[in-house]
Amino acid sequence: MKSKLTVYNTLSRKKEEFTPIDDQVIGMYVCGPTVYGDAHLGHAKSYVSFDLIYRYLLHIYPRVKYVQNITDVGHLTDDADEGDDKIAKQSRLEKVDPMAVVEKYMHNYFRDMDALNVKRADIYPRPSGHIQEQVESIQTLIDKGFAYEANGSVYFDVSKYDESFDYGKLSGRTIEQLLEGAANRELSGQSDKKNPFDFALWKKAEPSHLMQWNSPWGKGYPGWHIECTVMSQKYLGENFDIHGGGLENAFPHHECEIAQAEALTSKSFANYWLHNNMVTINGQKMGKSLGNGIFCHELFTGDNFQLDRAYSPMTVRFFILQSHYRSTLDFSNEALDAASKGLGRLQDAVLKLDELVAVADGKEEVAEWIESLYSAMNDDFNSPIAIAQLFEGAKLINSVADGKKQINQENLDKLKKAFKDFYFDILGLEIEGKAEVDNEVTDELMQLIIQFRQAAKEERDYATADKIRDKLKEMKIVIKDHKDGASWEYED
RNA sequence: GGUCACGUGGCCGAGUGGUUAGGCAGUGGUCUGCAAAACCAUCUACAGCGGUUCGAAUCCGCUCGUGACCUCCA
């Protein structure tokens, strides 16, 4: 590998060479879901993107310590819901305990991510299990003068922090701008705060609030930024390599995380901030209010009014990886169909790879092509380019299979290794669906039927041969004739 | 109102100061008893208007359009 890994760092707004703190173990923290509902297409894009990043780092470095939070203390819903927390709201709807809501949707989250072949993180810390740590950190912030208590709640003093640090450096904002912005908007419930841009570290709980804990400031629950600061530092140290999350969280969530962390330790927090972009549906943003959300499990079953059919998890994964993680991705049935067909072609080539035969004087070289795969991934994890290169590799495989090109053993081994590395390990794609034989007996039976049909064909009994083909077609089984023999697969 | 992205061919989606991205669809061809599949080849582009430049889709400005965020909503 000649080129070096560069990543787009939101902090500097440009691509930077990635230099780890310790090249033996990379630390990465990614903001996980709040588990009050099923994972949707947006979650899929986000966590497949970071899975790609995780997998590539694993390929380059000996070890990657990957931490992703699962938020299980409510936090608030939007203004219209008036201070109700999301999990509490869902628990009333489903008439179960808040923690039962958490359990249910956390399991669904893992179910869907597993289907998408998203590798599990090393640690999935939950804020409800880190109340003690959060309370301690908040107390430290108060002791250091960066936070103040007001009426049972604790707020972070942004202007105090900004005196010695730089609030807004991640999102490119200044306090002046924030004040201006605030002046133009109607804000409620600001009375306890010294400044409108201060944010909550600890929130006093009303008696009706379902999730609350004891603290030095009375019963309450942690603010929605402190969990990430506390849990990332607990498992990765005060200063670590990568912090990731959705672009929409850069401000205020990640900005506040940085403020809390720097105020606590006086050290810089994460070195590289990576943000993934969002999903649009037929050019429109996906949102609850628009009613155009699509859950992962709906994609897999086709059970959504916007879906023409079901799309396999690998198709969805491939679709996501065909665009860059920092670009928005537009969903449509047409685009998913295109991804499905493209992936099928790539899969066929991968399957063909095992059957290739090397010849001693084969002239095809693959070193340069492999280098192009690394250059693509080293350029801020550019999976669309890597995939385009894999299609070039597929062309080579097909040409060799057709006898139009020759390859020697050394290059064939390199070709196989590259597909194992990039197709399977880094892009995390698997052979699935139509190319997969799910049952040995079925396959043996099919081989028998194919033999009978071949025999009929040899005797020019095309009526019988076609009848077999048509009947199988009715059973959603497709016969594919080849030069020598035939193969079969389930209809997509 | 403020901050920041983006606008590429029928569709999705990379990239870039002068050279083919790639996939899907389309078209032509090879193969086939026929069909399908597969394989090979190939067409259509850079929102609009100005400016910088020998040369811009790529840099700058403006216009139009889309989107994210603006503190207690991952």
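The values are calculated or read from the model by the stated rules, or taken from the named source; none is laboratory data. Since the structure is predicted, the reported quantities are computational estimates derived from the model, not experimental observations. Positions of Cβ are backbone-derived with ideal geometry, glycine not excepted, and every protein chain shown enters the neighbour counts. The area values use the complete protein model at the heavy-atom level, side chains included, leaving out ligands, DNA and RNA. Shrake-Rupley method; radii C 1.70, N 1.55, O 1.52, S 1.80 Å.
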Taking amide H atoms as placed 1.01 Å from N in the peptide plane, list the residues 5 or more away in sequence, or in a different chain, whose amide H sits under 5 Å from that of A:SER153. A:LYS204
Using amide H atoms built 1.01 Å from N in the peptide plane, name the residues 5+ places from A:TRP488, or on other chains, whose amide H lies under 5 Å from its own. A:LYS480
With θ set to phi - 60°, apply the Karplus curve 6.51 cos²θ - 1.76 cosθ + 1.60 along segment A:136-142 and write out the HN-Hα couplings as whole Hz, x wherever there is a Gly or Pro. 4, 5, 4, 4, 4, 5, 5
Specify the angular offset, from 0 to 90 degrees and rounded to the nearest 10, of the alpha carbon long axis of helix A:367-378 from the longest principal axis of the alpha carbons in chain A. 20 degrees
Would you work out which of A:ALA455, A:GLY237, A:PHE199 lies farthest towards the positive end of the dipole of chain A, given +1 charges on the beta-carbon of Lys and Arg and -1 on that of Asp and Glu, about the Cα centre? A:ALA455
Taking chain A and counting helices only, DSSP H stretches of n ≥ 4 at -39,500 (n - 2.57) each over all residues, the nearest-500 ellipticity at 222 nm comes to -13500 deg cm²/dmol
Would you please name the trypsin sites (Lys or Arg not before Pro) within segment A:193-233 that are DSSP coil residues with at most 16 other C-beta atoms within 10 Å of their C-beta? A:LYS194, A:LYS219
Chymotrypsin sites (Phe, Trp or Tyr not before Pro) within segment A:269-309, DSSP loop, no more than 12 other Cβ atoms inside 10 Å: A:PHE305
Explain nothing, just compute: Karplus ³J(HN,Hα) = 6.51 cos²θ - 1.76 cosθ + 1.60, θ = phi - 60°, for every residue of segment A:327-336 in order, whole Hz, x for Gly and Pro. 9, 6, 10, 9, 8, 7, 4, 4, 5, 5
Kindly identify segment A:9-276 as rounded, prolate or oblate by the Cα gyration tensor criterion: order the square roots of the eigenvalues as a ≥ b ≥ c, call it rounded if a/c is under 1.5, otherwise compare a/b with b/c, prolate if a/b is larger, else oblate. oblate
For A:THR34, other-chain or 5+-apart residues with amide H closer than 5 Å (H placed, Pro excluded) are A:THR71
With +1 on each Lys and Arg Cβ and -1 on each Asp and Glu Cβ, how big is the dipole of segment A:280-433 about its Cα centre, in debye rounded to the nearest 20? 300 debye
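Provide the per residue accessible area, probe 1.4 Å, for chain A, rounded to a whole number of square angstrom. Before the final figure, lay out each step's value.
Numbers: 23390 Å² over 492 residues.
Using a 1.4 Å probe on heavy atoms only, each residue of chain A averages 48 Å².
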Part-to-part distance (alpha-carbon centres) for segment A:450-492 and segment A:121-147, which is given in Å: 65 Å
Once phi is turned into ³J(HN,Hα) by the Karplus curve 6.51 cos²θ - 1.76 cosθ + 1.60 with θ = phi - 60°, what whole-Hz value does each residue of segment A:227-236 show in order, with x for glycine and proline? 4, 5, 4, 5, 6, 5, 5, 4, 9, 10
Relative to the longest principal axis of the C-alpha atoms of chain A, give the angle of the C-alpha long axis of helix A:255-265, reported between 0 and 90° and rounded to the nearest 10°. 60 degrees
If you roll a 1.4 Å probe over chain A with all protein chains in place, what percent of the accessible area is carbon or sulfur? 49 percent
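Could you pull out the pairs from A:LYS45/A:LYS416; A:LYS14/A:LYS45; A:LYS65/A:LYS414; A:LYS219/A:LYS285; A:LYS144/A:LYS204; A:LYS267/A:LYS288 whose alpha carbons sit more than 31 Å apart here?
Violating the 31 Å limit, Cα to Cα: A:LYS219/A:LYS285; A:LYS267/A:LYS288.
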Qualifying GluC sites (Glu not before Pro) in segment A:413-492, DSSP loop, other Cβ atoms within 10 Å at most 16: A:GLU430, A:GLU432, A:GLU436, A:GLU459, A:GLU491
Computed magnitude of the charge dipole of segment A:9-276 (debye, nearest 20; Cβ of K, R +1, Cβ of D, E -1): 540 debye
